[in-house]
Amino acid sequence: MENLICLGIEATAHTFGASIVLGSGKILSDVKETYTNEKGGIIPMEAANHHAKIGLKIIEQAIKDANIKEENIDIISFSASPGLAPSLIQGMKFAKDLALKLKVPLIGVNHLTAHLEIGKLLTKVKNPVFILATGANTQIIALEGNKYRIFGEALSIGIGNALDKFGRSINLGFPAGPKIEQLAKKGSYVELPYVVKGMDIEFSGIITKASDLYKQKKASKEDLCFSLQETLFSMLTEVSERALAHTEKSELLLIGGVAANKRLSEMLNIMCQEREAKFSVVPIQHSMDHGAMIAWTGILQYKTNTDYYKNLKLEDIDINPRQRIDEKEINWV
Ligand code: AMP
Ligand code: MG
């Protein structure tokens, strides 16, 4: 199984990715292309058309970069859930066409599970509390029994989208996260609401308040960027600390596009040092949506359920746009 060759295909939203990964965990190639538009939002049908157009080229490039031939592929995995249906369908189409052609097993992967598994592979962390901090998702997750359970989450919008929304209101363009991080370096604190409800966090009221303060000329961009980071990141740090205490785990792993933010890592690291826990961050190119995370999770699923996947018929495989991470059984750890 160490030499097993898996092609992973990612297509849940903006990004179409393809990657070749070995059963040992070695990543041989990882190619992706991301749909964009001028406003920075996503029009689901446009993203799907983008994927339809470039999908084959990306897959062929991944095979070429890995220095293998199509016939060497042993299994194929694809992002089956959750995500935008038009994007998921395109990914599945490429995956099924190729699985049919090569007569190899096809494995549907939960995209959120894949973010966690690639994080563990690359940081060598064993059984952490995960913070998934992407544009759309903000969840505190840990393995309990045979499920990745969500211990706390953002109730309305995810942390990246919250930062982007504020960025739009002060004309920073998209994505605003990196620009907010730079502006924050020149700011000082103005008071903003702090909204933690049990283990959950709520960003949207804070964004409205910060945007209003800017419109009313009561605070500068820099001060608002600084205060927003301090507030949102403190909220995330507070619930992460509580999840560490509750689960009695001693590792914290930060994943997602927002993991690029140095101040967020600094705050989480300080909290972990105080608890004698180990803090790790997933390298940014593997924190974003990409094919290697799908390939690696496909390998894990295949290794633990080989006969099931060998006998699975293509027509019984489908997408599930709304599947939550805690619906999926984890039997490989
Ligand atoms: P993802 O959804 O995981 O692809 O991550 C994209 C999100 O990460 C967007 O909302 C970005 O604004 C955000 N982001 C990227 N870099 C940074 C940064 N340095 N600080 C804060 N947010 C960031
Ligand atoms: Mg993602």
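Quick notes
- Taking a ≥ b ≥ c as the square roots of the eigenvalues of the Cα gyration tensor, segment 157-201 is classed as oblate, since a/c reaches at least 1.5 and a/b does not exceed b/c.
- Within the listed set LYS64, LYS126, LYS101, the Gaussian network model of the chain (springs between alpha-carbon atoms below 10 Å) gives the highest mean-square fluctuation for LYS101.
- 10 Å binning of all Cα-Cα separations within the chain, expressed as whole percents from 0 upward: 6, 26, 32, 23, 10, 2, 0
- Exposure rule at most 16 other beta-carbon atoms within 10 Å, DSSP loop chymotrypsin sites (Phe, Trp or Tyr not before Pro): the chain longest free segment: 1-188
- Within segment 127-284, all pairs of alpha-carbon atoms sorted by distance into 10 Å bins from zero give the percentages 11, 43, 33, 11, 2, 0.
- Partner lysines for LYS197 [C-alpha distance under 25 Å; skip if fewer than 8 residues away on the same chain]: LYS147, LYS165, LYS209, LYS249
- Selected from MET45, MET92, MET288 as most flexible by GNM, with the chain as the system and alpha-carbon contacts under 10 Å: MET45
- Partner aspartates and glutamates whose Cα lies under 17 Å from the Cα of LYS124, excluding those fewer than 8 positions away in the same chain, are identified as GLU251.
- FRET efficiency, 1/(1 + (r/R0)^6) with R0 56 Å, evaluated for GLU315 and SER188 via beta carbons: 0.40
- Considering only beta bridges that DSSP places wholly inside the chain, some 60 percent are antiparallel.
- Within the listed set GLY91, GLY257, GLY145, the residue fluctuating most in the Gaussian network model of the chain (springs between alpha-carbon atoms under 10 angstrom) is GLY145.
- Counted by neighbouring Cβ atoms within 10 Å, the residues SER87, SER240, SER79, SER211 run from fewest to most as SER211, SER240, SER87, SER79.
Since every read-out is calculated from the coordinates, none of them should be taken as a lab result. All of these numbers come straight from a predicted model, not from anything done at the bench. Cβ: placed from backbone, ideal geometry, glycine included. Neighbour counts: every protein chain shown.
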